[in-house]
1. Using the beta-carbon distance between K67 and R202 and R0 = 35 Å, what value does 1/(1 + (r/R0)^6) give for FRET efficiency, to the nearest 0.05?
2. Mind checking Rg over Rh on segment 68-204, alpha carbons, Kirkwood formula for Rh?
3. List, in order, the whole-Hz ³J(HN,Hα) value for each residue of segment 136-148 obtained from phi through the Karplus relation with A = 6.51, B = -1.76, C = 1.60 and θ = phi - 60°; use x for Gly and Pro.
4. Among the listed pairs K98/K206; K163/K206; K67/K206; K107/K163; K67/K107; K124/K185, which have their C-alpha atoms separated by more than 26 angstrom in this model?
5. Determine the gain in length on full extension of the stretch S137-V94; use 0.36 nm per residue of separation and subtract their C-alpha separation, reporting nm with one decimal.
6. Between N191 and V102, what is the label-to-label distance in nm when each label sits 7 Å out along the Cα-to-Cβ direction?
Amino acid sequence: MADLSANKGSNKKKPQNNASMKAKKRSINKLQEDEALSLSESETDEMQITDISEETASTETAIDEEKVELLAFKLSNEEYVIDINRIKEIIRPVEVTKVPRVPSYIKGIISLRGVIVPVYNLKKRLGLSEADASDNSQSRILIVNFDEEFVGITVDAVTGVLKINEDIIEPTPQIIKGADAEYLKGVARTNNRLLILLNLDRVLKKDN
């Protein structure tokens with residue numbers, strides 16, 4: 001009788017173990033389902049973020065298409081700009097070799113990696129005073145594209161690259177700080193800055 005009772009006791013425990021295992025299995029399955037749902041929601045969120053960023057990028061591209069990118073630099077305490085696409089590179093001042101029988105605004109020539117490049121004194125070309133620059137350490141030579149060749153122009157300092165809307169460019173006043181209006185394309189006012197747009201082709205074209 002004792003053995004039978006023991007057997008009965010063991011038989012009673014088995015259903016409890018099975019029930020516990022089933023409960024654990026249901027709990028594990030539920031946890032797996034919750035994790036799968038969480039992962040799915042996370043993936044959905046990432047896709048939405050990607051879509052939003054793509055829309056934002058395309059919007060920014062559309063806005064950028066309405067703007068012009070310019071390089072800004074100083075001449076006699078005024079800020080001038082030219083199309084960034086005309087710039088090949090910016091170098092520190094180097095020794096310039098004088099050339100006889102050239103206009104006074106042409107400083108001479110330099111050799112840039114084996115290429116002979118004429119250098120313009122931009123202040124002289126624009127009729128500006130050369131005594132205005134107090135810090136020559138910031139002066140640079142801009143190497144620009146002109147008539148399928150390279151030309152250097154001297155500036156007091158490079159102040160940066162900026163983008164402006166074309167519709168804020170105003171017609172050139174007749175006289176701006178002594179510079180001839182024919183050398184200018186217009187002016188733009190942005191963030192309390194007055195930017196003078198150079199007509200680079202006219203500036204670099206030799207007078208007849």
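1. That gives a FRET efficiency of 0.90.
2. Ratio value, two decimals: 0.95.
3. Ordered by residue, 3J(HN,Hα) equals 6, 5, 9, 5, 9, 10, 8, 8, 10, 7, 8, 6, 6 Hz.
4. Violating the 26 Å Cα-Cα cut-off are K163/K206; K67/K206; K107/K163; K67/K107.
5. The span from S137 to V94 would gain 14.3 nm if fully extended.
6. Once both label points are built, they end up 3.6 nm from each other.
Bear in mind that the values in this text are calculations on the coordinates, not laboratory data. Not measured: the values here are computed from a predicted model. Methodologically, a virtual Cβ is constructed for each residue, glycine included, from the backbone with ideal geometry; neighbour enumeration extends over all protein chains shown.
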